[in-house]
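Take a look at the structure set out below.
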Amino acid sequence: MDFMRIEFLLEERSAEAVMRNIVPKIINWDAIVGYHVFNGKHDLLGKLPNRLKGYKEICRFDPCKIVVLIDKDRQDCHVLKTRLERVAADAGLITKTQCGLNMQFQVLNRLAIEELEAWFFGDNQALSTAYPRVPTHLHAKAKYRNPDGIPGGTSQALERVLMQAGYYAGGMPKIEVAMKVSSLMNPDRNTSKSFQVFKAGLLALRIP
């Protein structure tokens with residue numbers, strides 16, 4: 001395969017900021033990458049069926065992979081993933097979950113558990129470098145050892161951590177924080193399981 005087109009479908013601008021910084025650190029082959037941002041999770045899920053049907057036609061003539069990234073939030077991850085898989089199947093596209101090992105697929109459905117900010121907690125070094133007053137040992141505290149299991153929502157938890165460190169007294173600007181932290185993230189050291197599953201999925205896109 002001489003080149004690959006990868007289309008990311010994202011629910012918000014902060015996710016786009018992260019992808020633009022992180023994806024080039026993971027994908028080390030020639031690819032044309034596009035980022036498409038929706039007006040929140042509900043908007044993405046509502047428009048996904050028609051969008052994937054459109055990609056089905058494009059994929060007939062152009063090597064194309066579609067990555068759908070969405071926050072789990074407080075939904076049941078199995079229910080949400082099943083919904084994404086069903087939409088892809090209805091559009092006639094093969095997902096990574098549906099295909100076997102070493103087989104080609106067109107759609108990669110991935111969940112950030114429970115929110116994208118969990119990935120920032122997964123790289124404490126990047127977080128504390130971007131915001132030096134955040135403790136470098138934050139990840140050693142019991143509450144933050146499992147980035148995907150932080151209680152009360154990872155976005156709210158990150159906002160509290162930053163405010164307690166003296167940043168953003170008026171509230172956390174999600175896009176700014178996403179840009180600053182993700183620019184410093186190292187995909188190989190991230191302790192978030194959902195991030196590592198995401199990374200493995202991206203690497204699997206290259207299966208010939």
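Can you tally the net charge around residue 136? Count Lys and Arg as +1, Asp and Glu as -1, for every other residue whose Cβ sits under 14 Å from the Cβ of residue 136. Summing Lys and Arg as +1 and Asp and Glu as -1 gives +2. In a Gaussian network model over the chain where Cα atoms closer than 10 Å are linked, find which of 39, 124, 21 has the largest mean-square fluctuation. The residue that fluctuates most here is 39.
Over all directions, what mean area does the Cα convex hull of segment 97-208 project, stated in square nanometres? Could you put the intermediate results ahead of the total?
Values: hull surface 30.9 nm².
Result: 7.7 nm².
Quick check: the distance between the Cα centres of segment 94-166 and segment 1-49, to the nearest angstrom? Cα centroid of segment 94-166 versus Cα centroid of segment 1-49: 18 Å apart. Between the listed residues 178, 64, 138, the Cα displaced farthest toward the positive end of the dipole of the chain, a dipole computed from Cβ unit charges relative to the Cα centre, is found at 138. Of the cross-linked pairs 47/141; 143/199; 25/47; 47/96; 56/180, those separated by over 32 Å at the C-alpha level are 47/141; 56/180. Where in segment 71-145 are there trypsin sites (Lys or Arg not before Pro) that are in a DSSP coil and have at most 14 other Cβ atoms within 10 angstrom of their Cβ? Loop-located and lightly packed - 74, 133, 141, 145. Near residue 109, once Lys and Arg are set to +1 and Asp and Glu to -1 for all other residues with Cβ below 14 Å from its Cβ, the sum equals +4. Only helical runs count toward this figure. For the chain, summing -39,500 (n - 2.57) over DSSP H runs of n ≥ 4 and dividing by all residues gives -13000 deg cm²/dmol at 222 nm.
Among 117, 12, 176, whose mean-square fluctuation peaks in a Gaussian network model of the chain (Cα, cutoff 10 Å)? In the Gaussian network model the winner is 176. Charge tally for residue 187 (other residues, Cβ to Cβ under 11 Å; Lys, Arg +1; Asp, Glu -1): +1. Between the helical axis of 13-26 and the longest alpha-carbon principal axis of the chain there is an angle of about 80 degrees.
Any idea what angle helix 193-204 forms with the longest principal axis of the chain, computed on alpha-carbon atoms, 0 to 90 degrees, nearest 10? The answer is roughly 30 degrees. Ligands, DNA and RNA are left out, and with a 1.4 angstrom probe the accessible area of segment 59-208 is 47 Å² per residue.
The values are calculated or read from the model by the stated rules, or taken from the named source; none is laboratory data. This is a predicted model, so every value here is computed, not measured. A quick note on method: Cβ atoms are made from the backbone with ideal geometry, for glycine too, and the neighbour counts reach across all protein chains shown. Areas reflect the complete protein model, heavy atoms only, side chains present, ligands, DNA and RNA absent. Shrake-Rupley method; radii C 1.70, N 1.55, O 1.52, S 1.80 Å.
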